[in-house]
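Comments concern the structure below.
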């Protein structure tokens with residue numbers, strides 16, 4: 001009788017401690033779930049508010065030669081968040097200052113867009129979508145800072161920042177890049193023609209070849225392929241490289257690689273027109289050859305990525321050995 005009562009008494013404190021732990025952890029988990037649910041609800045409401053603009057963006061990207069990559073960006077960001085899910089903080093907090101700043105910027109851009117419409121200075125569909133998409137992303141960032149906190153946003157910084165590529169490039173920026181790319185490509189083609197020994201005469205963007213005259217127009221800039229390669233290099237650098245300077249090197253090599261690719265394309269078309277006939281200017285390799293030369297440009301890009309990753313892995317192994 002005494003031993004059983006003592007055992008019961010000995011077990012009672014253990015039960016009370018366990019109950020206390022449950023009572024303390026349950027409200028915390030409930031608060032975290034409530035914050036995450038609040039963030040999800042806010043995102044749904046925000047998507048509904050910007051619903052028309054987002055649908056217009058999808059249709060515009062699907063029919064655009066320059067911005068078709070936009071359709072893939074949200075899926076890439078979602079995948080990056082998924083593979084980093086174990087690195088995201090479980091505890092959520094409110095970062096009110098950054099939430100207010102982000103929301104103010106988003107609302108300010110939205111008001112500015114509608115103010116342009118009100119004053120009659122309606123921007124083109126591309127520039128209008130640029131402003132509205134920026135506004136949407138700023139408001140989405142405000143929700144992240146408010147419901148999930150600075151630590152969570154810092155851990156998810158790259159997947160969220162990658163969403164900036166759903167913003168269409170402004171027309172003025174696209175025109176400037178196309179002109180610069182076309183001029184640089186013409187210089188590269190000029191160098192390749194000189195190296196080949198082919199007789200030619202050049203005046204600016206115009207190349208007079210033995211039986212045809214080729215003009216490097218703005219449409220020959222290859223900016224779409226260059227932009228896709230640039231976006232891909234940022235993703236590859238983040239996924240496969242750890243050293244900051246190696247990441248920068250991989251991204252920086254895209255610019256000369258794009259110029260070399262475009263110049264080589266002009267050079268190849270010129271050679272075909274000289275040796276096979278002027279009708280080659282209307283061939284598929286000119287009108288639809290962009291993907292082929294893009295794939296060719298991936299060969300040196302992937303080789304450089306392999307070299308940088310190999311050096312990165314070697315340094316990591318040496319540091320672990322020293323430790």
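The values are calculated or read from the model by the stated rules, or taken from the named source; none is laboratory data. Nothing here was measured: the structure is a model prediction, and the numbers come from that model. Every residue, glycine as well, gets a Cβ built from its backbone with ideal geometry; the counts of neighbours run over all protein chains shown.
What the table shows:
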quantity: Total residues in the range 192-204, condition part of a helix (DSSP H, G or I) and either in contact with a helix residue (DSSP H, G or I) (Cβ under 7 Å, 6 or more places away or on another chain) or surrounded by 14 or more Cβ atoms within 10 Å (Cβ to Cβ) (or both); calculated: 2
quantity: Tally, over the range 240-268, of residues that are touching a residue at least 12 places away in the same chain (Cβ under 8 Å) and either under 25 Å from residue 79 (Cα atoms) or not in a helix (DSSP H, G or I) (or both); calculated: 10
quantity: Hits in the range 211-224 - residues which are more than 23 Å from residue 174 (Cβ to Cβ) and surrounded by 12 or more Cβ atoms within 10 Å (Cβ to Cβ); calculated: 212, 213, 214
quantity: Residue that is nearest to residue 153 (Cα to Cα), among those in the range 91-126 that are over 24 Å from the mean Cα position of the chain (by Cα) and either in contact (Cβ under 8 Å) with a residue 60 or more places away in the chain or not assigned by TED's automatic domain parsing to the domain that holds residue 155 (or both); calculated: 92
quantity: Residue 38 at pLDDT below 95 and touching a helix residue (DSSP H, G or I) at 6+ places or on another chain (Cβ under 7 Å); calculated: yes
quantity: Test result for residue 78, in the same structural domain as residue 124 (by TED's automatic domain parsing) and surrounded by fewer than 17 Cβ atoms within 10 Å (Cβ to Cβ); calculated: yes
quantity: Residues of the range 150-168 satisfying the condition of being closer than 22 Å to residue 59 by Cβ, touching a residue at least 60 places away in the same chain (Cβ under 8 Å) and not in a helix (DSSP H, G or I); calculated: 168
